[in-house]
Amino acid sequence: MSKMEEEKILDAAVSLIKKLTEKKGETLKIVALTGSGISKGSGIPTFRGKDGLWKNYNAMELATPQAFRRDPILVWEWYAWRIGIILSKDPNPAHYALVKLQEKGLLEWVITQNVDSLHFRAGSTNLLEVHGNIFRTKCMSCGQKTMLIEAPSKPPICDCGTMLRPDVVWFGETLDREILLKVDDVIRNNCDVLLVIGTSGVVYPIADLPFLAKMNNILVIEFNIDETPITQVADFSIFGKSEETLPKFIENII
Ligand code: BJW
């Protein structure tokens, strides 16, 4: 697709939102669903794809409870390495654009699959972290949760003596029930427009959300560098780096 065609799609999406805003005024409810692609512009690798985290690692050897039971030191090494990268990076214009939309009273929620805290650091407050947070640890014995402020040099230990684990959702684990219920309610009852930003749309149950949105007559606008399974249901797919396309889109609608 040429740059000119991309611009045309962005303009069409903007003018539809403007029409919706004229009709609904301040009651227009926009929700963002984000994935690792939104943090790529900050220098944080995505999971899949040619530069993805899993190009050199087998996900099943790291992001499962079985992997942690088998080799917690290896799993912690991987998380400590990622924490180090994240701490050396900052939010990018896409994260800040969502904050601007929130400040204008147009963004109801950011539903993020990311564990990197960059939305929070940018200033997003209505945040649902569906896959947890890489800086939070939890104890599988006493349930105690604590926050890390730096990358641990060895697996952290709870006051009760048990090795802590990262408080993230691994494959085969269920997402927090309260958060899932909230997400479901947000999509069904508090959303006119869903912005789907930088996710491959292959990890369930979150991959179902754009489809649930369509079933509820919600306008779905995708921001990604490539086509994804979401492209088939999106009303608009705005191709390009979200750190460039999202700020432009948001500047135009506010
Ligand atoms: C840019 C860009 C730029 C790049 N600008 N864009 C139904 C069917 C089939 C399987 C299942 C199913 N239900 C459940 C499952 C099993 C499993 C699953 O989904 N498997 C599939 C992979 C097949 N799901 C689970 O196990 C979930 N649990 C669950 O459902 O429990 C009940 C149950 C269990 C078992 C069976 C049945 C039911 C839990 C999922 C937990 C996911 N955890 C991870 C790791 C988190 C911790 C950590 O960070 O270490 O979450 S996996 C990883 O993928 C991470 C992400 O949040 C998640 C999504 O990835 P994301 O963000 O989309 O990243 P990428 O890399 O995939 O994509 C990046 C995108 O950005 C690409 O599209 C690029 O093009 C784009 N991009 N640069 C804009 N500059």
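Values as computed for the structure displayed
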quantity: Single residue of the range 137-179 satisfying the filter (of a type in the set (Gly, Ala, Ser) and within 16 Å of the ligand (Cβ to nearest atom)) that is most open to solvent (accessible area, probe 1.4 Å); calculated: GLY172
quantity: Any hit, the range 205-227, residues being within 13 Å of the ligand (Cβ to nearest atom), closer than 17 Å to VAL75 by Cα and touching a residue at least 40 places away in the same chain (Cβ under 8 Å); calculated: no
quantity: Every residue from the range 180-206 that is open to solvent by less than 10 Å² (accessible area, probe 1.4 Å) and either over 13 Å from LEU33 (Cα atoms) or assigned to a strand (DSSP E or B) (or both); calculated: VAL193, LEU194, LEU195, VAL196, ILE197
quantity: Residue within the range 37-45 that is near the ligand (Cβ under 8 Å from one of its atoms), touching a residue at least 12 places away in the same chain (Cβ under 8 Å), open to solvent by 40 Å² or more (accessible area, probe 1.4 Å) and within 18 Å of GLY132 (Cβ to Cβ) present; calculated: no
quantity: Residue ranges of helices (runs of 4 or more DSSP H) in the range 47-135 with at least 2 members within 15 Å of the chain's Cα centre (by Cα) and crowded, with 18+ Cβ neighbours inside 10 Å; calculated: 93-103, 118-122
quantity: Boolean, LYS3 is free of Cβ contacts under 8 Å to residues at least 12 places away in the same chain and open to solvent by 80 Å² or more (accessible area, probe 1.4 Å); calculated: yes
quantity: Residues satisfying the stated conditions in the range 14-28, i.e. within 15 Å of GLN102 (Cα to Cα) and open to solvent by 60 Å² or more (accessible area, probe 1.4 Å); calculated: GLU26, THR27
quantity: Number of the exception - THR231 against (1) touching a strand residue (DSSP E or B) at 6+ places or on another chain (Cβ under 7 Å); (2) of a type in the set (S, T, N, Q); (3) more than 11 Å from the ligand (Cβ to nearest atom); calculated: (3)
quantity: Complete set of residues in the range 153-179 that are touching a strand residue (DSSP E or B) at 6+ places or on another chain (Cβ under 7 Å) and either assigned to a loop (DSSP other than H, G, I, E, B) or in contact (Cβ under 8 Å) with a residue 40 or more places away in the chain (or both); calculated: PRO155, PRO156, CYS158, CYS160, THR162, MET163, ARG165, PRO166, VAL168, VAL169, ILE179
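The values are calculated or read from the model by the stated rules, or taken from the named source; none is laboratory data. This is a predicted model, so every value here is computed, not measured. We place every Cβ from the backbone using ideal geometry, glycine too, and count neighbours over all the protein chains shown. Surface accessibility is based on the protein's heavy atoms, side chains included, excluding ligands, DNA and RNA. Shrake-Rupley method; radii C 1.70, N 1.55, O 1.52, S 1.80 Å.
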